[in-house]
Each structure stands twice: as structure tokens, then as C-alpha cells.
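Nothing in this text is a laboratory measurement; each read-out follows from the coordinates by a stated rule. Please read all numbers here as calculations on a predicted model, not as lab measurements. Backbone-built Cβ (ideal geometry, glycine too); neighbour counts: all protein chains shown.
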């Protein structure tokens, strides 16, 4: 039997080979759609203005961090709070702004022992102070400077208590971390 005598069978689409033939547009359309979506998402991501602004960092506004400093420790307190402020501190969506109030160590200690609301969250006394009975007081505050008479100046960051609000205590802890590095 020669080739001319053999019956010619045309394979019908979808029969014989086990493969179904799909139109090309069925594959091209979803692929083009995925590429288009990827381009739009990339363009939007690259064109966003992500410059940090004060408004985005300080969603909750400003938080004044009250700092009490003995007159002899005032220069140490000013130096440390200025360095802290230069770092643009943000705690719990508040921009923290330290504010120093000069108070003699004995007066500040009496106010802390009283435990009345409104006490400063940060205290720079002149010399070592007995912190026993002061709500939220640390057990071993670091010495961060000295007075002109070489009296040690500890940095006392109070925790949350009846005298110090939680936000102020967190800001005080942040200031302490910025000074001690831990």
C-alpha cells in the first residue's frame, strides 16, 4: 500500500493526543493583567512621598517631660536633655520635649516622698539621695555627671506611679536609655 492508498485521518482537536488546545488569548490575557497590576503597584510604591514629617511621627502630639534639677546639677541636666532633644525623641507617638525646672534636692525629695501627682519623671539631684519610700524610684540610678564641687549627679528616672504618669515614665526611661545605652 502506498501513501496515496492510505486513508488520511485528520486528528480532531482534543482527541487522540490527550491535550486540549486552548486559544492563545486565554493565556495572554491573565498574564498581561498580572504584568499591568505589577507595574501599577510598583509605580505607586516608587512615587510615594515617605519623607518623615513631624505630623507622621508625633501622631499623639507633644509630651512635655518634666525634669527637676538641683541648682548645682542644672548644667548636667541641661546638657543631657539637650542631647536627648537633638535626637528628636518619639515615645508612644508623642514627640518628647524635656522641660527643666530647678528645685533644690531637699524640696524635690519631699515632693517625691509625698507621692502627689505632678512630680517630675526625671530628677537630677546633687549627691546621693535615699530613694526609699519614693513611688516608682529606681534602686540604683546611674551617676551621669558631677557638680562644680565634684558632688555626683545621678539621673533618676521614675517609673509609673501615683506621682508620675505612664507616658512620662516611658519618656523618662527612653531618656535614661539614651544616656546609658541600655
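Can you sort 123, 27 so the residue with the fewest Cβ neighbours within 10 Å comes first?
27, 123
Using the 10 angstrom Cβ neighbour count as an exposure proxy, how do 153, 102 rank, fewest first? The partial results should precede the final answer.
Working: 153 22, 102 15.
Arranged by neighbour count, lowest to highest, 153, 102 become 102, 153.
Given a Förster distance of 41 Å, report the FRET efficiency between residue 180 and residue 102 from their Cβ-Cβ distance, rounded to the nearest 0.05. Could the numbers behind the result be given before it?
On the way: r = 24 Å, r/R0 = 0.58.
It comes out at approximately 0.95.
Assuming a ≥ b ≥ c are the square roots of the Cα gyration tensor eigenvalues, decide whether the stretch 54-180 counts as rounded (a/c under 1.5), prolate (otherwise, with a/b larger than b/c) or oblate.
Cα axes put the stretch 54-180 in the oblate bin.
Sorting check: for 84-95, 66-77, which peptide has the highest mean count of neighbouring beta carbons within 10 Å, and how do the rest follow?
Highest mean packing first, the order is 66-77, 84-95.
In what sequence, highest mean first, do 163-170, 38-45, 133-140 appear when ranked by Cβ atoms within 10 angstrom?
The packing order, highest mean first, is 163-170, 133-140, 38-45.
How much FRET efficiency would the formula 1/(1 + (r/R0)^6) give for residue 92 and residue 29, where r is the Cβ-Cβ distance and R0 is 41 Å, rounded to 0.05?
So, using R0 = 41 Å, E works out to roughly 0.25.
Test of understanding: extend the Cα→C-beta vector of residue 64 to 7 Å, then name every residue of the stretch 104-131 with backbone N under 17 Å from that spot.
117-123
At 0.36 nm per residue, minus the direct Cα-Cα distance, what do residue 162 and residue 78 gain on full extension? Give it in nm, one decimal, please.
Fully extending the segment from residue 162 to residue 78 adds 27.6 nm.
Working out 0.36 nm times the residue gap between residue 128 and residue 140, then minus their Cα-Cα distance, what length gain in nm do you get to one decimal?
Gain on extension, residue 128 to residue 140, equals 3.3 nm.
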